[in-house]
Amino acid sequence: MVRLTGSSGYRHRVHLPLTRSRSLLLVTGLALTATALAPVPVVAGTTSTVVSAPHSLTPAALAAQARMAKLIPVRVAATPALGRYRTGLVSDLETGATIWQAGAATPMRGASTTKLATAVTSLRVLGTGTRFPTRVVTGRTPNEIVLVGGGDPMLTSKQLDSLARATAVSLIAALAPTPPPVAAPGSGDGVTAPVASRRAAPRSLAISVRLDDTLYSAPTSAVGWARDYVPYVVRPVRPLVRDHRVGNDVAKDAATYFAARVKVALVSLSAGRPDLAATAGYAGRLKAPAAGTEIARFAGNTSKAALTRMLLISDNDIAEMLFRNNAIAAGRTGSWADARTTETAELTKLGVPIRGWALYDGSGVSRSDRVSALGLVSLLTAAQSPAHPELWPLKPLLPVAGVSGTLHSRFTTAPTRCARAKVFAKTGTLFDTIGLAGYSLGTDKRLRAFAVLVHDVSPKYSKAAVRRAVEVVPATATGCY
C-alpha cells in the first residue's frame, strides 16, 4: 500500500472573560425575551431595547451600552432600505444584556447565514483536524480498481495526480513486477542479457478504473432549491470533486481525470520494458467490494480547510458536503434527512432555541430554510463560551469587515466604514433576502453578538443599498459612530 499525506490544520482559540453561568443565563434570557414576540414579520415600529446587569459593567461601559440601545432602533427606523420585513438582535456576550431586538424569534430565510449552523455542527462533530480520505481499492478482478470518494471538499487535481502515481506503483508491483534478467543464449558463464533482447510479444496490462461515490445518498435537489440554482449556484451533492469544479456529475469528472492520470503513470513506470504494454481507462460506477483491498490512499484535506473556504467566500458546495459529512461522523448516513437530524440534534445540545427553524440544506440556498436572529445570536454566543472550546475557531474563520472574504468590500462607505476590522460576520444573500450575523468589537473592547435578517427586499433598493443599511446595526454596536 502507498499512503499520501494531506495538509495539516490547527486550532485558533479565542478567549473571552465569560463564565459558564453567564453564557447559560444569556441563552435563557434570550429565550424568555422571545416568548413575548409575535411569530409574524416585524414592522418598523416593533422593537425592544433592554440594558441589564448594570452591576457587572463599569459606568463608562454602561453608558456606552445605553447609547447603543438608544441609537440602534432610531437608526433602523430611519433606514427605509431595511423595509418592513426585518428582524434582528444585538447582545452583549459578557453580561447577557439584550441591547436591541426586533422580532428576534421570528423564523426568517437566513440565506447563507445558515452556514453558521453548519459550521457549528462541523466544529462539534468533526473539529478542525478531521480528514476525508480518498482511497483506491481492488475490484472484482485483478485488473479492476475502484476509486472511493471520501467527501473531501478541498481535493485538487494535483492531489489526484499523486494518488494516481501511487496507484500505478502498487499495480505494477502486484501485477507486473520487473522480470529477472535471463541468461544470454550460448552463455555458460552466467552472462545475462537485458530484458530488451527478448523477442516475446509484450504483455498487456489494461486497468479498469471504477467509481464508488456511494458515501452520500444519490444526489437530489434539497427542498426549496429553485430549478435554475443547479448546478451553478449549488451543484448536485457528491462525495468526490476536484478543484471545486461545477457540473452535474463532478464525481465522474474526477474519476475520469484520475483514470487518465493512472494511465500516464503506468506508461511512465513501464518505460524501457518492452515486455509490458500498460494502459488504464474509466469504466463507470461500481460500489467497492466488501473484500476489496486498499492499494493507495490520499489522507485528505482537513475540516478546517473546508470550513475556512466555506465561511470566507460562502461556498455553497462545501457547505453541502460538510452537511453530509457531519451526519456520517455522527454515525448516520449521508442523506438529506440524516444531515438535518444531525444538525438539529447538535444545536439542541448547545441550547440554541431553534423553534420554528427549518434546515433543509447546509448552505442556506433553500428558499424553505428558516432561522431566527435569536437562534443565530445564541449559537454565536455558545461559540465564545468557555464551556465550548471546540467552537472557538468559529470567530477567526469569519470574514472581517473591509478586510477579507465576502466582507472585503463591505463597511467601506460613510457612516459604517469606521467599523472596518471591527466586525466579524457571515453574510447571506438571496434575490429577496439579505442577512448578516456575527460579532462586533466595541471601542470599549467588549464583544457583542448580532444578527440582522431582511425579507422581501424592496425593488426600489439595490442589494448594495440594503447591505449598507444592514451594516448600520453592527457598526452602531461597535460604538464607532
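The values are calculated or read from the model by the stated rules, or taken from the named source; none is laboratory data. Computed from a prediction, not measured in an experiment: that's the story for all the values here. Cβ atoms come from the backbone with ideal geometry, glycine included; neighbour counts cover every protein chain shown.
When you look at Leu453, is it under 26 Å from Arg67 (Cβ atoms) and part of a strand (DSSP E or B), yes or no? Yes: the conditions hold for Leu453. Against the conditions (1) assigned by TED's automatic domain parsing to the domain that holds Ala383; (2) hydroxyl-bearing (Ser, Thr, Tyr); (3) at pLDDT 95 or above, Thr58 satisfies every one except (3). Kindly indicate whether Gly300 is touching a Phe, Trp or Tyr at 6+ places or on another chain (Cβ under 7 Å), closer than 24 Å to Asn325 by Cα and crowded, with 17+ Cβ neighbours inside 10 Å. When the stated conditions are applied, Gly300 passes them. Here is the figure for region 332-361: residues that are in contact with a Leu (Cβ under 9 Å, 6 or more places away or on another chain), of a type in the set (A, V, I, L, M) and farther than 25 Å from Leu215 by Cβ total 3.
So, Ala290, is that one assigned to a loop (DSSP other than H, G, I, E, B), of a type in the set (A, V, I, L, M, F, W, C) and over 13 Å from Gly362 (Cβ atoms) or not? Against the criterion (assigned to a loop (DSSP other than H, G, I, E, B), of a type in the set (A, V, I, L, M, F, W, C) and over 13 Å from Gly362 (Cβ atoms)), Ala290 qualifies.
Residues are listed down the side, and each one gets a yes or a no for (1) in contact (Cβ under 8 Å) with a residue 40 or more places away in the chain; (2) surrounded by 15 or more Cβ atoms within 10 Å (Cβ to Cβ); (3) over 30 Å from Gly129 (Cα atoms):
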{"residue": "Gly247", "(1), (2), (3)": "no, no, no"}
{"residue": "Ala259", "(1), (2), (3)": "yes, yes, no"}
{"residue": "Val267", "(1), (2), (3)": "no, yes, yes"}
{"residue": "Ser270", "(1), (2), (3)": "yes, yes, yes"}
{"residue": "Tyr282", "(1), (2), (3)": "yes, yes, yes"}
{"residue": "Ala288", "(1), (2), (3)": "yes, yes, no"}
{"residue": "Ile295", "(1), (2), (3)": "yes, yes, no"}
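Counting only residues that are assigned to a strand (DSSP E or B), closer than 21 Å to Asp213 by Cβ and hydrophobic (A, V, I, L, M, F, W, C), region 99-153 holds 6 of them.
None of Ala117, Ala102, Ala97 is within 13 Å of the chain's Cα centre (by Cα) and of a type in the set (A, V, I, L, M) except Ala117. Considering only residues of region 274-307 that are closer than 16 Å to Gly151 by Cα and of a type in the set (S, T, N, Q), which is farthest from the chain's Cα centre (by Cα)? Only one residue fits best here, namely Asn301. Being more than 28 Å from Ala176 (Cβ to Cβ) and touching a Gly at 6+ places or on another chain (Cβ under 8 Å) is the filter here, so list the residues in region 197-240 that pass it. Answer for region 197-240, where residues must be more than 28 Å from Ala176 (Cβ to Cβ) and touching a Gly at 6+ places or on another chain (Cβ under 8 Å): Asp213, Leu215, Tyr216, Ser217, Pro231, Arg235, Arg238, Pro239. Each residue in region 428-454 was checked for being out of contact with any strand residue (DSSP E or B) (no Cβ under 6 Å at 6 or more places or on another chain) and closer than 20 Å to Val233 by Cβ, and 5 of them qualify.
The residues on offer are Ala255, Ala271, and the sole one that is modelled with pLDDT under 95 and either in a helix (DSSP H, G or I) or over 23 Å from Ala327 (Cβ atoms) (or both) is Ala271. Just to be sure before I move on: is Thr427 under 23 Å from Trp225 (Cβ atoms), modelled with pLDDT of 95 or more and not assigned by TED's automatic domain parsing to the domain that holds Val230 in the structure I sent? Criteria met by Thr427. Considering Asp243, Asp189, the condition of being on the phi > 0 side of the Ramachandran plot and either assigned to a loop (DSSP other than H, G, I, E, B) or at pLDDT below 95 (or both) is satisfied by Asp243 alone.
Taken over region 115-143, the residue count meeting the criterion of being closer than 24 Å to Lys287 by Cα, surrounded by fewer than 24 Cβ atoms within 10 Å (Cβ to Cβ) and touching a Pro at 6+ places or on another chain (Cβ under 9 Å) is 4. A single entry from Met154, Met108 fulfils the requirement of being within 23 Å of the chain's Cα centre (by Cα) and closer than 30 Å to Val262 by Cα: Met154.
Please verify whether Gly428 is surrounded by fewer than 23 Cβ atoms within 10 Å (Cβ to Cβ) and in contact with a Gly (Cβ under 9 Å, 6 or more places away or on another chain), treating the condition exactly as stated. Considered against the rule, which asks whether it is surrounded by fewer than 23 Cβ atoms within 10 Å (Cβ to Cβ) and in contact with a Gly (Cβ under 9 Å, 6 or more places away or on another chain), Gly428 comes out as no.
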